[in-house]
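What follows is one structure encoded as structure tokens, with my remarks underneath.
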Amino acid sequence: MKRYKGIIAAMTIASAGAFAQDNPLSNGTKSLYGMVKGNLVKAAEKMPEENYSFKPTPDVRSFGQLVGHVADAQIVFCSAVKGEQKQSNVEKTKTAKADLVAALKDAISYCDAVYNSMTDSAAADKVKFFGSDRPKLTILEFNVAHDNEHYGNIVTYMRLKGLVPPSSENAGR
Amino acid sequence: MNRFSTLISGVVLAASSVFGQQAVTEAAAIKAAYNGIKNNLTKAAEKMPDDQYSFKASPDIRTFGALIAHIADAQGRTCAAVAGSTPPQSAGSKTAKAELVEALKASYEICDGVINSLSDEDATKTVSMGRGGPRSKFAVLWGMIAHSNEEYGYLAVYMRIKGVVPPSSEPR
């Protein structure tokens, strides 16, 4: 977590990368998504299989359940934007690292197509989500925020197991 | 973190309760996401006992108090940049709970002004901050919200380790 001398952390800088002349709004979201998805996949791959059942306290998700939850959420968010309204149940059905990493990658691959096809002109188009009509880009941004919250959980689990999380691997660069 | 039988956690549900059944706009979505994480962070800072502000989950990471300072600094600088005002003094040297809670609130005073004045016309506006040239105003604010959510993810685990239920998991 001490990976930057400055106080503005990685995703703020990432959003700053979204200054392409075209589609500055949706490119900002893509940039943030690109950062957190990379960290999530690397974290899932880096955590040893035996730590997938680890939970710091009894009443919270295990590391594996966090990975499954993130995978499930990606499908729910991105399928809503795509108009497919899919459900996913990885968290409750998978425990093996290989299965969970594969599910996370599948979910991200599904979302990649949705993020990559987003444009500023389509950002305000509404789709039904959690009972409300919401802008498509908003749903994708909430997905990023949700991913980041759980990446924060994952980082702390990794630190508790003596592992450096992917976002801190190049600290001091 | 096992707080919902439904799939999606607090970040979306908070927004859902704000939006109700109404159609929302991008500016309204930023406001809802901002207010959701602001509420969680403020409550977390207030709820963690003073003597746990020096706690860190492992030796090589920030203490709880340093996380609060980091969040306050990041928010204050980002919102000051968007507002075109002078950034507040860093909270990095503070260690006492009262000072850090105050620093966090001070960052929200700056950010509240930015967020509350947002309109959908801002969607095409850019701001200049740091390296990289002009950035989408909305994208910068979403970046800040994402960062605050990541840091909240650390805080929630710290609180759980200390036997404190994080605000996002409190009964609704």
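Structure summary
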| quantity | calculated |
| --- | --- |
| Test item: A:27-37 mean partner chain Cβ contacts at 10 Å | 3 |
| For region A:104-125 versus region A:130-173, the gap between their alpha-carbon centres in whole angstrom | 17 Å |
| Within-9-Å neighbourhood charge of A:M118 [Cβ basis; K, R +1; D, E -1] | +1 |
| Under-5 Å amide H pairs with A:D133, H placed in peptide plane, nonlocal only | B:A23, B:V24 |
| Aspartates and glutamates with Cα under 16 Å of A:K136, excluding same-chain neighbours fewer than 8 positions away | A:E84, A:D112, A:D120, A:D125, B:E26, B:D120 |
| Overall form of the protein assembly as shown per C-alpha gyration tensor (a/c, 1.5; a/b vs b/c) | rounded |
| Loop-located chymotrypsin sites (Phe, Trp or Tyr not before Pro) in region A:27-63, at most 16 other Cβ atoms within 10 Å (DSSP) | A:F54 |
| Residues whose placed amide H lies under 5 Å from that of B:T126, excluding near-sequence neighbours | B:K137 |
| Dipole of the protein assembly as shown [Lys/Arg +1, Asp/Glu -1 at C-beta], most positive-end residue of A:A122, A:T29, A:P165 | A:P165 |
| Shape call, chain A: gyration tensor on alpha carbons, a/c limit 1.5 | oblate |
| Of A:S121, A:S79, A:S62, the one that fluctuates the most in a GNM where chain A has Cα springs shorter than 10 Å | A:S121 |
| Sorted peptide list for A:123-132, B:138-147, criterion being average Cβ within 10 angstrom, highest first | B:138-147, A:123-132 |
| Region A:106-117 - phi-based ³J(HN,Hα) in whole Hz, Karplus 6.51/-1.76/1.60, Gly and Pro as x | 4, 5, 5, 4, 4, 5, 3, 5, 6, 5, 5, 8 |
| Region B:25-169 - charge dipole about Cα centre, Lys and Arg +1 at Cβ, Asp and Glu -1, debye rounded to 20 | 240 debye |
| Two-site label geometry, A:Q87 and A:A113: point separation in nm, points 7 Å out along Cα→Cβ | 2.2 nm |
| Neighbour net charge for B:L118 - beta-carbon separation under 13 angstrom, K R +1, D E -1 | -2 |
| Under 24 Å from the Cα of B:K97 - lysines, other chains or at least 8 residues apart | A:K2, A:K5, B:K38, B:K43, B:K47, B:K56, B:K105, B:K162 |
| 3J(HN,Hα) from dihedral phi, region B:95-107, Karplus parametrisation 6.51/-1.76/1.60, rounded to Hz, x for glycine, proline | 10, 6, 4, 4, 5, 6, 4, 5, 5, 5, 5, 5, 5 |
| Mean ellipticity per residue at 222 nm, deg cm²/dmol - from DSSP H runs of n ≥ 4 across chain A, formula -39500 (n - 2.57) | -19500 deg cm²/dmol |
| Whether region B:25-169 is rounded, prolate or oblate, judged on the alpha carbon gyration tensor where a/c under 1.5 counts as rounded | prolate |
| Neighbouring partner chain Cβ atoms per residue of A:106-113, average, 10 Å criterion | 0 |
| Proximal charge balance of A:K105 [Cβ under 13 Å; K/R count +1, D/E count -1] | 0 |
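Bear in mind that the values in this text are calculations on the coordinates, not laboratory data. Please read these numbers as outputs of a predicted model, since none were measured by experiment. Cβ atoms come from the backbone with ideal geometry, glycine included; neighbour counts cover every protein chain shown.
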